[in-house]
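Here is the structure we will look at.
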Amino acid sequence: MFGPSATCVVRHFSLLVAILFVAGCTTAREERAELVYGAPFTVGQEEEVSAAVLTTWQAPSFERNYHLGPSDVIEISIFQLLQLNTNTTVTTPISEEGYVTLPLLGNVKAQGLTAQELEREIACLLEEGYLVDSQVSVVVKEHRSQSVLIFGAVARPGIYRLTKDENRVLDLLSQAGGVKPEAGDWLYVLRPGKEELARQPETTEGKTAVVKMPETQTIQVDLRRLLETGDQSLNIAIKHGDVVNVPPAEQGFFFASGAVMKPGIYPLRRKISVLQGLAVVGGLSRRANPRNVQIIRGSGTPQEERIKVNVAELARGKKQEKEVFLQSGDLLVVYRQPLAGVADFFEHIFSLGVGASYNLAQ
């Protein structure tokens with residue numbers, strides 16, 4: 001009894017095809033609208049995002065991910081509720097307060113639940129005092145709530161209802177449980193366009209021309225900056241029908257060697273500063289020279305580059321002329337203090353002397 005009916009499956013398939021069609025539209029560049037919030041838009045990146053919608057979205061069916069909201073019309077069938085071997089079916093809109101009214105149970109909260117979650121909720125309520133092994137089916141007959149699709153590196157990808165008059169990126173991310181640690185630096189909104197009719201100005205024929213609007217508007221948002229700085233210019237409005245993609249960052253790595261606490265290879269999913277990189281590797285060792293740190297980029301290639309960093313100044317809040325971030329493949333090298341070897345030698349001798357004195361005292 002659980003699970004969508006055949007009609008529900010057909011509706012799901014049609015709607016999912018429509019979503020993927022919107023995401024996958026690749027019209028000529030002059031017919032596309034591209035908006036960027038935070039940085040220049042990379043050529044061809046919007047096509048990659050459209051492909052991501054086609055290949056990355058592997059969540060269950062639309063119906064099972066749709067979160068119910070006020071004005072949605074649902075059909076609830078309960079087997080043997082009022083009569084043996086008979087289904088009791090109630091078709092009702094969800095009230096503005098988010099409830100549906102059922103025989104025996106009265107008002108049941110439906111807002112915010114998926115159809116399957118509502119099935120389980122009703123079954124639990126019935127089994128508390130009315131039925132044993134109750135069989136409940138919930139089918140969404142009309143989707144009247146304003147909703148958007150979000151997927152990718154978020155805690156709970158799925159279909160969400162727009163709950164306010166003006167919904168923004170941070171509102172949607174909050175509904176979806178926030179971003180996962182592997183989320184990349186960018187968020188993409190694919191917004192379906194439409195065709196509009198407009199009368200040609202100053203024409204003797206007075207003809208009406210079709211002005212073709214962008215079939216898909218791709219909006220790129222600097223997600224990392226929005227989350228770290230709270231820049232509200234990046235917290236753009238989300239509209240009904242939007243498809244929001246939070247792609248995971250590409251997996252990279254960097255090396256750490258020299259006078260650090262934990263030399264080795266470390267994953268790099270997004271750009272991090274030198275200080276953040278040093279925190280990842282456990283910080284500087286006791287003999288480190290914080291004024292002599294280098295990033296070796298492209299090691300062993302003709303394009304090898306060595307970038308010197310004064311960590312002591314960075315730690316005091318003094319910025320370098322050009323802020324340096326670690327990139328995938330970088331080698332982070334922390335050199336030792338000039339007399340670190342001599343200090344280690346005397347420390348070793350001292351430790352041996354203390355140990356010998358202790359043994360003699362025994």
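Among the residues of region 166-186, count how many are farther than 11 Å from Ala249 by Cβ and in a strand (DSSP E or B).
2
Restricting to region 83-101, name every residue that is more than 37 Å from the chain's Cα centre (by Cα) and assigned to a loop (DSSP other than H, G, I, E, B).
Passing the criteria: Gln83, Leu84, Asn85, Thr86.
Quick check, is Ala279 small (Gly, Ala, Ser), part of a strand (DSSP E or B) and under 23 Å from Arg336 (Cα atoms)?
No; evaluated as a whole, the condition is false for this residue.
With the checklist (1) surrounded by 13 or more Cβ atoms within 10 Å (Cβ to Cβ); (2) free of Cβ contacts under 8 Å to residues at least 60 places away in the same chain; (3) assigned to a loop (DSSP other than H, G, I, E, B) in hand, flag the one item Lys319 doesn't pass.
Only one criterion is unmet by Lys319, namely (1).
Restricting the search to region 240-254, which residues are more than 18 Å from the chain's Cα centre (by Cα) and not aromatic (Phe, Trp, Tyr)?
His240, Gly252
Return yes or no: is Leu118 part of a helix (DSSP H, G or I), of a type in the set (A, V, I, L, M) and within 30 Å of Ile238 (Cα to Cα)?
Answer is yes for this residue.
Taking Ala123 as the residue in question, decide whether it is out of contact with any Ser or Thr (no Cβ under 8 Å at 6 or more places or on another chain) and either of a type in the set (A, V, I, L, M) or crowded, with 20+ Cβ neighbours inside 10 Å (or both).
Considered against the rule, which asks whether it is out of contact with any Ser or Thr (no Cβ under 8 Å at 6 or more places or on another chain) and either of a type in the set (A, V, I, L, M) or crowded, with 20+ Cβ neighbours inside 10 Å (or both), Ala123 comes out as no.
Which of the following residues is of a type in the set (Gly, Ala, Ser) and either without any contact (Cβ under 8 Å) to a residue 24 or more places away in the chain or more than 24 Å from Thr218 (Cβ to Cβ) (or both): Gly158, Gly152, Gly178, Gly129?
On inspection, the qualifying residue turns out to be Gly129.
Which of the residues that make up region 277-316 are closer than 18 Å to Phe253 by Cα and in contact (Cβ under 8 Å) with a residue 40 or more places away in the chain?
Correct list: Gly277, Leu278, Val281, Gln294.
Take the residues of region 265-287 that are closer than 16 Å to Tyr335 by Cβ and modelled with pLDDT of 90 or more: which is surrounded by the most Cβ atoms within 10 Å (Cβ to Cβ)?
In this case the residue turns out to be Leu278.
May I ask you to list the residues in region 77-114 that are in contact (Cβ under 8 Å) with a residue 60 or more places away in the chain and either touching a helix residue (DSSP H, G or I) at 6+ places or on another chain (Cβ under 6 Å) or hydroxyl-bearing (Ser, Thr, Tyr) (or both)?
The one that is in contact (Cβ under 8 Å) with a residue 60 or more places away in the chain and either touching a helix residue (DSSP H, G or I) at 6+ places or on another chain (Cβ under 6 Å) or hydroxyl-bearing (Ser, Thr, Tyr) (or both): Ser77.
When the residues of region 216-232 are narrowed to those that are in contact with a Leu (Cβ under 9 Å, 6 or more places away or on another chain) and polar (S, T, N, Q), which ends up nearest to Gly152 (Cα to Cα)?
Among residues in region 216-232 that are in contact with a Leu (Cβ under 9 Å, 6 or more places away or on another chain) and polar (S, T, N, Q), the one nearest to Gly152 (Cα to Cα) is Gln220.
The values are calculated or read from the model by the stated rules, or taken from the named source; none is laboratory data. All figures in this text were calculated on a predicted structure; none of them were measured in a lab. Glycine also receives a Cβ, built like all others from the backbone with ideal geometry; neighbour counts cover every protein chain displayed.
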